[in-house]
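First up is the structure itself, then whatever we jot down about it.
Read-outs: derived from the displayed coordinates by stated rules, not from any lab. None of these values were measured; they are calculated from a predicted model.
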Amino acid sequence: MENGLSERERKYWSRTRALTFVILILWFIFSFVVPWYAKELNQYEFLGFKLGYYMVVQGSLIAFVLLIWIQNWVQDGIDSSSGYNNE
């Protein structure tokens, strides 16, 4: 045991940390990168709206809700496989 953590706990925190980093990277993309390129995205249309406009006013909000749902769903799987779902 290193730092007082068992192998199971190290794996658990490693997987949880990796999930958090992926979610934060996706959040960054939808928060900063997509709006930055909104003008370029406006040459495409989605549901009758210019794509850049849609992604800034509606699409990013949908993406954030999906990110929350996905993170919770995956974290539940990590918790279950590590034996922490009932604690």
**Prompt:** Angle, helix 7-28 long axis vs. longest principal axis of the chain, Cα atoms, 0 to 90°, nearest 10?
**Reply:** 10
**Request:** Can you tell me the 0 to 90 degree angle between the C-alpha axis of helix 60-82 and the longest principal axis of the chain, rounded to 10?
**Result:** 20
**Complete:** Amide H proximity to Phe46 below 5 Å, modelled H, separation 5+ or other chain, gives Leu51
**Prompt:** Hey, what number do you get for the chain at 222 nm if only DSSP H runs of n ≥ 4 count, each worth -39500 (n - 2.57), divided across all residues, to the nearest 500?
**Reply:** -19500 deg cm²/dmol
